[in-house]
Amino acid sequence: MARKKEMRMNTSRFFLAGILGVSLLGVAAMPQATGNQVALIKQSSIVFAGTVSQLGATSFTGVPKSAQTAVVRVDSVLKKPSAVSLKKGDNVTVELKDPSAFQQGAQATFYTEGWIFGSGVAVKELGHEFKTSSGETPKPAGADEKTYQHAQEQIGDQELQDRLNSADFVVVGRVTDVHRWNAPKSATTRVSEHDPDWHEAVVEVQSVLKGAQVKGNKVVVRFPGRNDVAWVHSPKFAKNQQGIFCLSKDQASGVPTAMVGGRQVTVYTCLGHGDSLPMSDVPRVRSLLKN
C-alpha cells in the first residue's frame, strides 16, 4: 500500500515538472525586444519585414539609383504613418547603410525613415535585423509583430514621460470650437509643399495637471489640418472632443498669439503623436507627472 502511494506521489511530481518545463519553454520562446530594437523603433517612422529582390536598383522613377539602393518586397508592415500607403507585397526602395551586408533573397526587418514618396515609397535605413539563418531555429509565425509590440510597450511610458516633461502645460479639457486660422500678412510663415493648413481649437480647461492656472479657463491650440507626411503624427481636433492635451507654446505658425473674447492670449501647439490622449489615461499621466 505504501509502495503504491509512493509511486502515485512520484508520478504527480513528474507530471508537475513536465507542466513547469513546458511553461518555462513557452516563456523562453516569447520574442523579447532588445535595447537596440527599442531604440531603433523609437527613431524609425517606417518599420517592415521584407525580402531583398534587387540590389543597386530602385522601385520607381524619381529615386536616384546607386550602389546603396535596393528593392525590397514587403512581407509585413510593423509601423508606418497613416498617410503613407504601404502593404504586404509592395516593392520599396531602401537606401542601405552597408549594401555589402545584403544579398538577393536576404530577409530582414528594416528600421527606416521616409525619404521619397511618389508613385511608390523610398526609405533610408537606420538599422536592420536579419531573419535567422537556415541552421538556426526559425522564428514562429508572427514573431516579428510580437517583438515589435513588446518593444512598443517598453517605449510607451518613457516616451510619454518625455512628452510630459517637455510640455509647458498638460491639461484636461474639452474642445468648444474649431475653425481655420487665416494668418495675418505680418506673419513670418514659410511657403512649403508641406503647408500645414493651420486650424485653431479652443479648449475649455477642466483641470491643470502641469503648469500654472489658465486665465479664463480657455486656451487656443493651433494644429495642422492637413494629413501631409510632415504632419501625419500631429493630432487633429474636433468640436466636443475631450481628453488630455500636452501643450507647448507655439513656435511653428509664426504668430504666437491669438484673440479670445477681446483679449490677446498665448497660442499653444500639440504637434506630436501622443500629445493628445484619451480621458482614460488621466491616472497614468498623474502617476508619471509625480516621478
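Any read-out appearing in this document is the output of simple, stated calculations on the displayed coordinates, not a laboratory observation. Just so it is clear, the structure is predicted and the values come from calculations on it, not from any experiment. Here Cβ is always computed from backbone atoms with ideal geometry, including for glycine, and neighbour counts include all displayed protein chains.
Just add up the charged neighbours of residue 71: K/R +1, D/E -1, any other residue whose Cβ is under 14 Å from the Cβ of residue 71. All intermediate terms of the calculation are to be shown ahead of the outcome.
Values: positive: 65, 73; negative: 75, 90, 95, 125.
Here the count lands on -2.
Residue exposure proxy: 267, 72, 63, ordered by other Cβ atoms within 10 angstrom of their Cβ from fewest to most, comes out as 63, 267, 72. Each of residue 177 and residue 249 was given a label point 7 Å from its Cα along the Cα-to-Cβ line. The distance between the two points is 2.4 nm.
By other beta-carbon atoms within 10 Å, ranking 246, 270 with the fewest at the front produces 270, 246.
When the listed pairs 87/131; 42/87; 79/124; 79/131; 124/236 are checked against a 23 Å cut-off, the alpha-carbon distance exceeds it for 124/236.
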